[in-house]
Each structure stands twice: as C-alpha cells, then as structure tokens.
Amino acid sequence: MPTTEMPLDVNQQGDVTVVDLFPSSAAKELGTEFIDNLIQLIAEDAPEKLLLNFDYADWSSTPMISGLLEVKERLASTTEMKMCGINADAEHVCRFLNLNSTVFDIYDTVDDAINSFDRE
C-alpha cells in the first residue's frame, strides 16, 4: 500500500475493502492528486469489492465528482465500487446528474453498502 498524506483510512470488513475519507483542506486543494493517490492505493491492493465511505468528508465539488467518475472507470473491470455516507448536497447533485444507481451505487450507511454486496 502506498504511503500517502491524503486523509484515507483503509480497513477490511469481511471481503470488502472500506476506505474512509476524512475532511482535509489538502484534499480539496489537491483534487486531482488526491484522486490519483486514491487510485494508486486501490490499484495496489486490487480489491474485488470496494466501499468509499464519505461519512466524514464532503465531496460535492465538481473536481471530486469528476475524479470519482475516473476512479469508477479505471477500476470497472476489476473492482465493484460502492459509496456511502454522502452529504445531502452531493446526493442532490448525483440525482440531478442521474448518477445514483446508474453510475454510482450509493447507500446511507457502511452496513447497508456492505450488505448490498452480498445480495448481488
């Protein structure tokens, strides 16, 4: 796993790799570098099931949404990615752009998201 100064905490819950993202002015300022580090982090572990948990972070910015689309595209062939804990503004943006359930699988809680992997 790469060493990163980005605010990420990675843990395993069963066969799901959970990445908790934390608020950081560095993440907001670095945008693209943050996404590149996230991709590198995930690519090195190559998880089959990935959950991005935004309970602690805001990602309603355009660069972050664009970056998450890039992450999804790059990992699509090897990793099933889901997200949870997004704030109301980000949820509104996803619905407006028709990203919820068409591009991103978004759940309210970590438990809901992890359980959804088992239902598929």
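Could you tell me whether region 17-33 includes any residue that is aliphatic (A, V, I, L, M), modelled with pLDDT of 85 or more and either within 20 Å of Val103 (Cα to Cα) or surrounded by 15 or more Cβ atoms within 10 Å (Cβ to Cβ) (or both)?
Taking every residue of region 17-33 in turn, at least one turns out to be aliphatic (A, V, I, L, M), modelled with pLDDT of 85 or more and either within 20 Å of Val103 (Cα to Cα) or surrounded by 15 or more Cβ atoms within 10 Å (Cβ to Cβ) (or both).
Quickly run through region 38-58 and pick out the residues that are outside any loop (DSSP other than H, G, I, E, B) and closer than 15 Å to Gln12 by Cα.
Listed by number, the residues that qualify are Leu41, Ile42, Glu44, Asp45, Lys49, Leu50, Leu51, Leu52, Asn53.
Considering each residue of region 59-76, count those that are within 15 Å of Leu8 (Cβ to Cβ) and either part of a strand (DSSP E or B) or out of contact with any helix residue (DSSP H, G or I) (no Cβ under 7 Å at 6 or more places or on another chain) (or both), and give that number.
So the count comes out to 2.
Collect the residues in region 82-97 that are touching a helix residue (DSSP H, G or I) at 6+ places or on another chain (Cβ under 6 Å) and of a type in the set (A, V, I, L, M, F, W, C), keeping them in residue-number order.
Passing the criteria: only Cys84.
What residue, among those in region 77-120 that are in a helix (DSSP H, G or I) and at pLDDT 90 or above, is surrounded by the most Cβ atoms within 10 Å (Cβ to Cβ)?
For region 77-120, the residue satisfying everything is Ala113.
Give Thr78, Thr109 a once-over and let me know the one that is in contact with a strand residue (DSSP E or B) (Cβ under 8 Å, 6 or more places away or on another chain), of a type in the set (Ser, Thr, Tyr) and under 23 Å from Ile42 (Cα atoms).
It is Thr109.
What pairs come out if I take residues in region 102-120 that are acidic (Asp, Glu) and pair them with residues that are in a helix (DSSP H, G or I) whose C-beta lies under 8 Å away, six or more apart or interchain?
Asp105/Ala113; Asp105/Ser116
The values are calculated or read from the model by the stated rules, or taken from the named source; none is laboratory data. Predicted model only: the values in this text are computed from it and were never measured. Here Cβ is always computed from backbone atoms with ideal geometry, including for glycine, and neighbour counts include all displayed protein chains.
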